[in-house]
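None of the figures in this text is laboratory data; all of them are computed from the coordinates on show. Keep in mind the model is a prediction, meaning the values are calculated, not measured. Note that we place each Cβ from the backbone using ideal geometry, even for glycine, and neighbour counts take in every protein chain shown.
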Amino acid sequence: MATFHDVVVIGGGGAGLRAAIAVAETNPRLKVAIVSKVYPMRSHTVSAEGGAAGVAAADDSLDEHAYDTVSGSDWLSDQDAVEAFVAEAPRELLRLEHWGCPWSRQPDGHIAVRAFGGMKKMRTWFAADRTGFHLLHTLFQTALSYPDIVRYDEWYVTKLLVDEGKVRGVVAIELATGRVETITASAVIVCTGGCGRVYPFTTNANIKTGDGMALAYRAGAPLKDMEFVQYHPTGLPFTGILITEAARAEGGWLLNKDGYRYLQDYDLGQPSPTPVLRSMELGPRDRLSQAFVHEFEKGRTIDTPYGPIVHLDLRHLGAKLIDAKLPFVRELCSKYQNIDPVTELVPVRPVVHYMMGGVHTDIHGATPLEGLYAAGEVACVSINGANRLGSNSLPECLVFGTRAGRAAAVFAGRYGDTVPAAILAQGRDEERRLKRELERHAEGHERIADIRSEMQTTMENGAGIFRDGDSLAKAADELRELRVRFADAAIDDHSRTFNTELVALLELSFMLDVAESIIACALQREESRGAHQRTDFPARDDARFLAHSLITREPDGTGRVRYLPVTITRWPPGERVYGR
Ligand SMILES: Cc1cc2nc3c(=O)[nH]c(=O)nc-3n(C[C@H](O)[C@H](O)[C@H](O)COP(=O)(O)OP(=O)(O)OC[C@H]3O[C@@H](n4cnc5c(N)ncnc54)[C@H](O)[C@@H]3O)c2cc1C
């Protein structure tokens, strides 16, 4: 059986909800569906803490936000996309305010903004340190007010349906019943978020398995800049739970094992009694994570059962400020680390946090595959280039979710609800394939969890904060072996109701695609830029690599990498300077 909606949005996080609302706003006659593997309010957006960037203060300007983003990206972002982004971000944040988002305020009633890493002016809007929760809640309740937005909560998309180069729907499993359904559409917007779970130690929720990247890749859309994986400098050891950059923006210090603010040794400025914009602890994430590795190599980190750590010191901020501006940080430290940051040092280490790369789109969220759009972390527009600045991601979800929703609405408005027979046939094929997979893997011998954790270790060892040709080539070989073992993975659960083992299997197959594309792109980029640091090619090489990598899937399943020039409008490549 097949159901038709004009636009199907995969994902109910910040980007997906914003895109669905934009479709409904653009053309109220269109029927929109949001298909999400979790209830929308459980999407990873909910866990964002620190805030969302958008120029608000009188002493700030769109050009400065654009320049910080471009230099933070190590000049790999497309500057036309960045200019559109900085111009539309404040409007989107204000829109959210009108929909009910409780932004924190200054005593005189103006929006409060805080400093954030790599941003040289204070421009990060926040709702205490629960920004993602409030943002997602606001979008969710707004989406509820549109009767033509219907939801498929806890439905898992397994395939995009493509006929004659056009995407015309998806196949999804209703997790509660195991029912497989073909959901046809005139346009599909992928908003499935990132893929941090490809690595062993990450801030990302378990659900962030790169499904949408792999779905688009398998359907024929290229992935862009996949080698750029962001490590956030401050995750709690063992759990990987994020201690937001806002903790450093409010004045937190990073100390090595000698109690020394080591960032002053890394060209990031000198210590000052108050937080200084653009320097030391408020440097960009790539530089801070790299500095940690150098401290480790000098023997100046502290060994723990969960790897080497340094300390985040918030004690001098005092209970009053911590409770007012960082209450969630205090709660997380207490619940997951059993410490109180008001009186104790917080152990932290770098942790995989965000994918700069993703599905290649233009500045309207359109992919090269007709009818397919993407927005949010799954997409690469690109505004983040080689390194995203903290607090640019939430507004990216809003700005490009809106743009993708509008473009998809215009595109879908030209079509009726007739769906080619070939699409329906493909849907039935996918249903049969899923049934066969369950039967085949019922006979398997390998544990899904073993293959997954070996893949994660391979990625950390091969494509971590620093990489080189040998480590990447070894990782590529190991992934090939894991792919072979995956064919023999076992499923013990044969039921149809909430078969989480089947979902884990499908997620692992998506993650293997994503992992391979990260390694393939990282191998080919023989330079160091932003989050991609090759010890065998330590310098940035604009002559060869001021370009996006694009990887497409060949018929034999391997990836082919080519390059696309970066769009430069007003800021020619320069040196990244912080702390001066
Ligand atoms: C702990 C943490 C803190 C952060 N803090 C900040 C911050 O302060 N500021 C900032 O700018 N950024 C922050 N980020 C980054 C930012 O929150 C994310 O990049 C952003 O929220 C991603 O939103 P999204 O809509 O693209 O994806 P998500 O919110 O991850 O949503 C993805 C959606 O896709 C659905 N989905 C996925 N696969 C499938 C499938 N196969 N079938 C059906 N549905 C599927 C999921 O159900 C979900 O609804 C933070 C990230 C983390 C992890």
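Between beta-carbons, use under 12 Å as the cut-off and find the net charge around ASP417, counting Lys and Arg +1, Asp and Glu -1.
Local charge sum for ASP417: +2.
DSSP loop trypsin sites (Lys or Arg not before Pro) in the range 1-76 with at most 15 other Cβ atoms within 10 Å of their Cβ, which ones?
Qualifying residues, ordered by number: ARG29.
Return PHE498, PHE466 ranked ascending by Cβ neighbour count within 10 Å, so the fewest neighbours appear first.
With the fewest neighbours first, PHE498, PHE466 line up as PHE498, PHE466.
Once the Cα gyration tensor of the chain is diagonalised, what are the square roots of 5 times its eigenvalues, in whole Å and ordered largest first, as equivalent ellipsoid semi-axes?
Those come to 36, 27, 23 Å.
Using helices alone, what [θ] at 222 nm do you get for the chain, with -39,500 (n - 2.57) per DSSP H run of 4 or more residues, divided over all residues and rounded to the nearest 500?
-11000 deg cm²/dmol
Could you state the principal axis extents of the C-alpha atoms in the range 395-484, from the largest down, to the nearest angstrom?
51, 42, 20
Counting only other residues whose beta carbon sits under 15 Å from that of ALA58, what net charge do I get with K and R as +1, D and E as -1? Don't jump to the answer; show the numbers that get you there.
On the way: positive: LYS121, ARG123; negative: ASP59, ASP60, ASP63, GLU64, ASP108.
In short, -3.
With a cap of 14 neighbouring Cβ atoms within 10 Å, and only residues DSSP puts in a loop, list the GluC sites (Glu not before Pro) found in the range 485-567.
In loop regions of the range 485-567 (DSSP not H, G, I, E or B), the sparsely surrounded GluC sites (Glu not before Pro) are GLU526.
How compact and how long is the range 433-565, expressed as Rg and Dmax of its alpha-carbon atoms in Å?
Rg and Dmax of the range 433-565, Cα atoms, are 17.4, 56 Å.
Mind running the shape call on the range 235-350? Use the C-alpha gyration tensor, a ≥ b ≥ c as the square roots of the eigenvalues: rounded below 1.5 for a/c, prolate if a/b tops b/c, oblate otherwise.
Oblate shape, in that a/c is at least 1.5 and b/c is the bigger or equal ratio.
How big is the gap, in Å, between the Cα center of the range 138-197 and the Cα center of the range 115-130?
What the calculation gives is 32 Å, centre to centre.
Provide the net charge surrounding THR202, with neighbours chosen by a C-beta distance below 11 Å and charges set as Lys +1, Arg +1, Asp -1, Glu -1.
+1
Have a look at the DSSP beta bridges in the range 433-565 and tell me what percent are antiparallel, nearest 5.
Here the antiparallel bridges make up roughly 75 percent for the range 433-565.
Between helix 285-297 and the chain, what is the angle of the helix's C-alpha long axis to the longest principal axis, kept within 0 to 90° and rounded to the nearest 10?
Value to nearest ten degrees: 70.
Taking Cα centroids, how far is the range 362-427 from the range 237-298 in Å?
Here the answer is 36 Å between Cα centres.
Tell me the volume per residue, in Å³, of the convex hull enclosing the alpha carbons of the range 147-284.
Output value, Cα hull per residue: 186 Å³.
Using only the alpha-carbon atoms, how far is helix 393-413 inclined from the longest principal axis of the chain? Give it as 0 to 90 degrees, nearest 10.
Result, in degrees: 20.
Can you sort HIS532, HIS441 by how many other beta carbons sit within 10 Å, fewest first?
Going from least to most buried by this count: HIS441, HIS532.
Any chance you could get the radius of gyration and Dmax over the Cα atoms of the range 270-337, in Å?
Radius of gyration, then largest Cα-Cα span, for the range 270-337: 14.3, 37 Å.
Could you please rank THR558, THR158, THR69, placing first whichever residue has the fewest other Cβ atoms within 10 Å of its Cβ?
THR558, THR158, THR69
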